[in-house]
Structure formats: structure tokens, C-alpha cells
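Remarks on the structure that follows.
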Amino acid sequence: MQPFTEPLLRIGGNYVTAAGLVAFILFFAVGLSLAKLFQSDPFRRLLTRLKLGKNFASIIPTIFSVATLIFFTVTAINAAGIPLAWNQPLPGLSLTLVQIFLLVALLLAVFWIAARTKSFLFNRFLVNSGLDRSLQYAISQIVSNVVLVAGVFIVLDNAGIHLGTLAVFAGAVGVGIGFGLQNIASNFISGIVILAERPITIGDRVEVAGVAGQVQQIRARSTVILTNDNITMIVPNTKFIDSPVTNWTYGDPRVRFRIPIGVAYDSDLEKVRNALLEVARENSSVLHEPKPTVFLETFGDSAINLELVVWSSEMSYRPRRFRSDLNFAIAQKLRETGIEIPSPQRDLSFRGGVVRVEMTAPESKTERVVVDGAQR
């Protein structure tokens, strides 16, 4: 056993033996194994069953893995014969390893309390308050943000990181950090404004910055929108403040749809109008009040252009599908009634010469026009 107790190397005035080196390897290997376990799918599924919240559950494995590596690395260093006290301040810091672990644990607790506060207010406390559901969500989100910010400040202050120190630090490097954080601060304030004024709420159908879909979440920095293609889009909150926003369901859910249609000049316009109104009446998503109507818009080059105007309160979430259904029904109805939808036409005028029409393929009804000996 003596070879295991003999010094192998010297680090910082401390001798490391073979036994200490073996102990270091064993403790470090255990730390790596546990860190890998915390990143595994079974552990993540366990956190999901505990209903800790999606965002909170996603960061816990990483924090646990890092904390485990630090703990077992320090333990391995001590086992190797290099003393690294848990209760001694780290070089360049006034915090010990124990205080750092406690600080991380308290910050995790603050995030968890903030998430549970939002869930409790929205799902239990305010559910029977009689308030609008979107207003309940706004109140829950604002209270959760207040709890989070207050809790972080309290934890940092009790850990010895005083707000005055943060103010000095911010004054020293505030200009450089300010440019980098101005978008984050702007999005955070915009999120509070959205929750307070409620130009959009959960479940609204919106269009902003080229993104159209249903609002799923309004978070501190961004808003989650689910498109009709089942694609989740993350839109910064500032887009809802400084950009034009189309909210299909804001206030009155009824939306007017305009369906253009062109018919041949020799069509019976009264018959066309009745056919279009019949299509509107047969569609279950079209409201009876306001009544559907038909407008004659213009006399075009190839067709008389009309417009079917209908109202709907259900199809604002799928406007493209609603228009498509109406267009299919209109095409079928006009075909059944013998009303022609003309193709573009052009009138040709010849100032002179001889025009001869030759049928080149009678079965396909194609023609060839020859003018002055030249094929056109």
C-alpha cells in the first residue's frame, strides 16, 4: 500500500498521491455520470409529470448538471489532497461555494414561485371572478413578472450583491450594455403595454409583420403565434407596438368578406345575382344578418365584374379556406345555371390586306390566321 501513499506530483504546495489521483478520477466519473443522467429523457419526463412549467422544466436539467459537475469536481479535488474549502471565499469573489449553490437554489425557487403564481391566479383564483379570460391572463402575467423581479432583487441583496453595487456597475459599463440590452428592455416594456391595453389577447387571430395566425402566448419578451400551417412563430413584442396590426377578432368577431366574380356580357345579371345570393345562403358559415349582397363593380374589357359581399363570425380563423369554399360553390352554381365565366378576350383590327382563316385541326378546333401571306 505504500506506493499508493507516496507523493506523485506537487500542485500549489500540496502533494498528490496515487490514491488521491484514483479518488479524483472516481469522484469526477460519478459527477459526469450524474450530469448525464440529469440530461436524459427519463429525467425530463419526470419533470414534466411534476407540472413545473415548460420553461422551468427545460432549464432544470442544465442547472442540475452544472451544479453536479461543480460539486463532484470540488469533492474530487479535495479527495486528491488539494484542500478547497466550501466555506472559504473564492479568489476574486466574496462568495463561498456554499453561498453560490444557495444563491442558485434560491433563484430557481423564485422562478418556480413566479410560474406557480401565474398558474394559480389564472387557473384557480381568477377563474370564477367574472372577468374576461384574456384580462385574467393579463393580470396573472403582470403579477408573475412583479413576483419574479422582486424575488430576484431580494435574493441578490441577501447574498451580498447589493443594488448599490449593481448601480455602480451599471454606471461603469451601462453605455456598452445599454446598446445590447435596449431591444430586450423595449420588448419587455412592450409586453407590459400589450397586457395592460390588450390590443391582442390569447386566442385572437392577428396579422403582423407578415405573420398571420392565432395568439398562443404573450410572454415578457415575445408573443407566440401559431399559423394555419401549424408552425409556431415567435414575434418580438415591439412589432405589436410600432407596426400596423390586423386583429380579426378584436371587439366584434363579425368580419366582412368580398368575393369578386366576372361574367360574360351576354349574361342575365338578375340571374347571376340570384345565383350568388343562393350560394351565400347555402353556406352555413355566412351570417343572415347583415344580409349578403351583390355589387356590380365595373364593366371590364372581357367581363362584367361583380362582387359578392358576405359576413361571417366563425371563419376569421380560416379566411383562405372560407374564400375557397365560396369560390368553389360559385363556380359550380354558375355552371349549373349556364352562366359563362369568360376568359380574357382581345379584338383585332386589320387596316388592309387579305385575311384567310384555315382550320388546321378540326377535332381540336384550332385555327390559323393568315394576313397578307404571313401566318399570325
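The values are calculated or read from the model by the stated rules, or taken from the named source; none is laboratory data. All figures in this text were calculated on a predicted structure; none of them were measured in a lab. Every residue, glycine as well, gets a Cβ built from its backbone with ideal geometry; the counts of neighbours run over all protein chains shown. Side chains included, ligands, DNA and RNA excluded: accessible areas come from the protein's heavy atoms. Shrake-Rupley method; radii C 1.70, N 1.55, O 1.52, S 1.80 Å.
Structure notes:
Matching residues to (1) among the small types (Gly, Ala, Ser); (2) within 15 Å of Lys333 (Cβ to Cβ); (3) open to solvent by less than 50 Å² (accessible area, probe 1.4 Å):
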| site | (1), (2), (3) |
| --- | --- |
| Ser243 | yes, no, yes |
| Thr249 | no, no, yes |
| Pro253 | no, no, no |
| Ser267 | yes, yes, yes |
| Asn274 | no, yes, no |
| Val279 | no, yes, yes |
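- Residue count, the stretch 232-241 (criterion: open to solvent by less than 40 Å² (accessible area, probe 1.4 Å), touching a helix residue (DSSP H, G or I) at 6+ places or on another chain (Cβ under 7 Å) and over 13 Å from Thr201 (Cα atoms)): 1
Residues are listed down the side, and each one gets a yes or a no for (1) at pLDDT 80 or above; (2) in contact with a helix residue (DSSP H, G or I) (Cβ under 8 Å, 6 or more places away or on another chain); (3) of a type in the set (Gly, Ala, Ser):
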| position | (1), (2), (3) |
| --- | --- |
| Leu52 | no, yes, no |
| Phe64 | no, yes, no |
| Thr73 | no, yes, no |
| Ala76 | no, yes, yes |
| Pro89 | no, no, no |
| Leu102 | no, no, no |
| Phe111 | yes, yes, no |
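The rows are residues; the columns are (1) closer than 16 Å to Asp268 by Cα; (2) buried (at least 16 other Cβ atoms within 10 Å of the Cβ).
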{"position": "Ser284", "(1), (2)": "no, no"}
{"position": "Glu289", "(1), (2)": "no, no"}
{"position": "Pro292", "(1), (2)": "no, yes"}
{"position": "Ile304", "(1), (2)": "yes, yes"}
{"position": "Ser313", "(1), (2)": "no, no"}
{"position": "Arg320", "(1), (2)": "no, no"}
{"position": "Leu326", "(1), (2)": "no, yes"}
{"position": "Gln332", "(1), (2)": "no, no"}
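- Unmet criterion (only one of (1) under 18 Å from Val30 (Cβ atoms); (2) modelled with pLDDT under 75; (3) not aliphatic (A, V, I, L, M)) for Thr68: (2)
- One residue stands out in the stretch 200-231 among those that are among the polar types (S, T, N, Q) and within 24 Å of Ile142 (Cβ to Cβ): the one that is surrounded by the most Cβ atoms within 10 Å (Cβ to Cβ), namely Thr223.
- Check on Asp252, within 30 Å of Ile339 (Cα to Cα) and either over 11 Å from the mean Cα position of the chain (by Cα) or polar (S, T, N, Q) (or both): no
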